[in-house]
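Only one structure is covered here, and it is reproduced in the block below.
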Amino acid sequence: MSGKGRKVYVIGVGMTKFEKPGRRKGYDYPEFALEAATKALLDANLTYDAVEFAAVGYTVGDSTCGQRALYQLGMTQIPVINCQNACATGSSALTLARQSVESGLYDCALALGFEKMYPGTIREYWTDRIASGGYRTEAIKKTRGWDEKAPRTAQQFGSAGIEYMEKFGAQPIHMGMIAEKNHRHSALNPYSQFQDIHTLDQVMSSRKIFGPLTVLQCCPTSDGAGCAIVCSEEFVLKHNLAPQAVLIAAQAMATDSYQHIETLSSIDMAGAQMTRRAAEQAFKTAGITRDDVGAVELHDCFSANELISYDALGLCEPGKAHELVASGNATYGGKYVINPSGGLISKGHPLGATGLAQCTELTWQLRGWCGKRQVKDLRYAMQHNVGLAAGVCVVTIYTRPAFKNGEEKDTSKWQDPRKRFGYNPAVEARLVTKADIAKVVSKQGALPPSDIFAAGVEARL
């Protein structure tokens, strides 16, 4: 949990457009990673030489892919830790980077997440050993049975939605409202895999996947990457970055508890208990209430998970999640704007990148860069990222900081990153250029030989 060491700030963010697997021809994970990292370094007005530590997340791939991806920026011999934590991998990488700065060990760290996925539903890759989340499947089999033809993850989260309906009176249409909202939000996000608006009738009448879930209520598989640069307060002030810095006010990670294994609750099996614990810790550390939060990037892998997470995050009274969405308090003009990016359902879900894409969106929102999808009068924003086979949940709270001498208001020595880009990256999803990469790579002669890395992005630009 954050809050026991130095303050940590996000000073640079970047992401690729999320795309259908294989759509961007000739791109592998190093290309996606380089694009996101280049954008984050440009945003922070830094070269890779400033980075002292890196945490890299991906869920499917050989070991040390993080090094292979980052070597394109320079072989500077910094520590690189690769992490894999299911769908919360990106937030887990961010947690490691934050901890490295908060502890005082480093002043500037990079968190990178990427994924190059196979088309179709998520599957288990190692069938010759015990599945880490097999106990969830067994619990659902005991309580609700199991449909061998339905996707495993859709059954896990769909069963949670069914239980919420049984206990609290929600209806399938409430999950449909969530999906309609997120598709509507995504139309304003150039990074979204899907940008089509769908009516509630279209959502509800689309192909059934499992239980109340239709295909337009399920996230797609995706290719993509996201990156964030974090640093200490001293680093922010030294590099005149206060006007763009975003404070990580709190961050908490939680895993499964034995109680939900005992109760066999489908809601808790979908991560609600972890979410509740992480949220409670994060709000306590930040010293704020839910009423202070204006924007939420919530892990809506399925509309059912967004529904149960309203409750678990404390955004509504217990058992009233369906009333929150029906009242309009989860969209623009309501109490919260939940998933202004379009969420996983519309933006896409490249597993290792999702947590850092959420961070990127909320950083842009807190800077006020998001144009037509901007959340007004935003003071605090919350990120919620869940990973299952076995479980993990990360909740992060962000805010615009007030520095001791008001440096966040002093723009005399600050260069707006949008001028460096030549456009506003929050509202335009452009590719990086050779010139962009040249600005951020190591200047210490640490680049790898071009003939060895000829398969990298340089050969394709």
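The values are calculated or read from the model by the stated rules, or taken from the named source; none is laboratory data. What you see is a predicted model; the values in this text were computed from it and never measured. A quick note on method: Cβ atoms are made from the backbone with ideal geometry, for glycine too, and the neighbour counts reach across all protein chains shown.
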- [ ] Give the residue that is surrounded by the most Cβ atoms within 10 Å (Cβ to Cβ), with candidates limited to residues of the stretch 392-417 that are assigned to a strand (DSSP E or B) and not polar (S, T, N, Q).
- [x] CYS393
Task: Candidates ALA389, ALA353, filtered to the one that is out of contact with any Cys (no Cβ under 6 Å at 6 or more places or on another chain), surrounded by fewer than 24 Cβ atoms within 10 Å (Cβ to Cβ), closer than 30 Å to SER63 by Cβ and not β-branched (Val, Ile, Thr) - done: ALA389
TODO: Of the conditions (1) over 24 Å from the mean Cα position of the chain (by Cα); (2) hydroxyl-bearing (Ser, Thr, Tyr); (3) farther than 22 Å from PRO151 by Cα, SER186 clears all except one; give me its number.
DONE: (1)
Open item on the list: Residues to consider are GLY12, GLY26; find the one that is assigned to a strand (DSSP E or B) and within 21 Å of LEU70 (Cα to Cα).
Closed with: GLY12
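At pLDDT below 95, more than 21 Å from the chain's Cα centre (by Cα) and not in a loop (DSSP other than H, G, I, E, B), is that true of HIS260?
It is true that HIS260 is at pLDDT below 95, more than 21 Å from the chain's Cα centre (by Cα) and not in a loop (DSSP other than H, G, I, E, B).
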Task: Residue among THR38, THR64 that is of a type outside the set (Lys, Arg) and either in contact (Cβ under 8 Å) with a residue 40 or more places away in the chain or in contact with a Leu (Cβ under 7 Å, 6 or more places away or on another chain) (or both) - done: THR38
Task: the stretch 279-319, residues that are among the small types (Gly, Ala, Ser) and out of contact with any His (no Cβ under 8 Å at 6 or more places or on another chain) - done: ALA282, ALA286, GLY287, GLY294, ALA295, SER303, ALA304, ALA312, GLY314, GLY319
TODO: Have a look at VAL215, VAL246, VAL236 and point out the one that is of a type in the set (A, V, I, L, M) and surrounded by fewer than 22 Cβ atoms within 10 Å (Cβ to Cβ).
DONE: VAL215
Task: Subset of the stretch 201-230 (residues that are under 27 Å from PHE114 (Cβ atoms) and small (Gly, Ala, Ser)) - done: SER222, GLY224, ALA225, GLY226, ALA228
Task: Residues (in a loop (DSSP other than H, G, I, E, B) and touching a Ser or Thr at 6+ places or on another chain (Cβ under 6 Å)) located in the stretch 320-362 - done: GLY342, GLY348, HIS349, PRO350, LEU351, GLY352
TODO: Mind listing just one residue for me: the one in the stretch 39-81 that is more than 18 Å from the chain's Cα centre (by Cα) and of a type in the set (Val, Ile, Thr) and, of those, farthest from ILE11 (Cα to Cα)?
DONE: THR64
Task: Selected residue (criterion: farthest from ILE173 (Cα to Cα)) from residues of the stretch 187-218 that are of a type in the set (Gly, Ala, Ser) and in contact with a strand residue (DSSP E or B) (Cβ under 8 Å, 6 or more places away or on another chain) - done: SER206
